[in-house]
Amino acid sequence: MIDSEPSGARTGLGGNMRTVDRVFGWLLALSGVGHGLGAYETYHAQPATLIWALSTSFAVFLLAAFNIVRAGRTHDRTLAWISLAGCLVWIGFVIWFGVLIGNMLDFRALLNLVITVALAGFSLRSALAGRG
C-alpha cells in the first residue's frame with residue numbers, strides 16, 4: 001500500500017475516508033483500462049486516431065496515480081493541488097464528451113464524472129488541510 005507517512009503524522013482524512021479515496025483512484029484507473037480497450041476496439045484500423053485515444057488512456061492512468069499517491073500523502077498539499085487541477089480538467093473533458101455524444105447520462109460519461117468529482121473533492125480537502 002502506498003503510504004509514506006508515519007501513523008502519528010496523519011492529518012486530514014481518517015482511515016475509512018482514505019480507503020474510499022483510494023478506491024475512487026483505482027476506479028479511475030479501471031476506467032482508463034476500459035478507455036484503452038474501447039479505443040483499440042474502435043480505432044485499431046486507424047493508427048493515427050488510435051495513438052491519440054491511447055494517449056488519453058495514459059493521461060487517465062497518470063491522474064489516477066496522482067490521486068492514489070495523494071490519498072497516502074495527506075501532508076503533501078502541492079500534490080493535492082496538482083491532483084485537483086487534473087481532476088478539474090478531466091471533468092471538463094468528460095462533460096465535453098457527454099455533450100458531443102448528445103447524452104450526459106451515457107454510462108461512460110456519468111461514471112467518469114462521478115468518480116472524478118469525488119476525487120476532486122478529496123483533492124480539495126487535502127489541499128486545504130492544515131490551513132487556518
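No value in this document is a laboratory result; all are computed from the given coordinates. All values derive from a computational prediction rather than experimental measurement. Methodologically, a virtual Cβ is constructed for each residue, glycine included, from the backbone with ideal geometry; neighbour enumeration extends over all protein chains shown.
Hey, if you put +1 on the Cβ of every Lys and Arg and -1 on every Asp and Glu Cβ in the range 50-132, which of Val99, Trp52, Leu119 ends up farthest toward the positive end of that dipole?
Result: Leu119, furthest along the dipole toward the positive end.
How big is the dipole moment of the range 57-132 about its Cα centre under a simple scheme where the beta carbon of each Lys and Arg is +1, that of each Asp and Glu is -1, and everything else is neutral? Debye, nearest 20, please.
Charge dipole, the range 57-132, about its Cα centre: 260 debye, nearest 20.
Mind pulling up the Rg/Rh value for the range 14-128? Radius of gyration and Kirkwood radius, both on Cα.
1.01
Enumerate the calculated ³J(HN,Hα) couplings along the range 96-107 in order (Karplus 6.51 cos²θ - 1.76 cosθ + 1.60, θ = phi - 60°), each rounded to whole Hz, writing x wherever the residue is Gly or Pro.
Going residue by residue, I get 4, 4, x, 5, 4, 8, x, 7, 5, 8, 4, 3 Hz, with x marking Gly and Pro.
What's the center-to-center distance, using Cα atoms, between the range 82-96 and the range 19-55 in Å?
So the two Cα centres are separated by 15 Å.
Fewest Cβ neighbours within 10 Å first, please rank His44, His35 accordingly.
His44, His35
So if R0 is 22 Å, what FRET efficiency would Ile51 and Phe97 give, r being the distance between their Cβ atoms, rounded to the nearest 0.05?
Once rounded, the FRET efficiency stands at 0.75.
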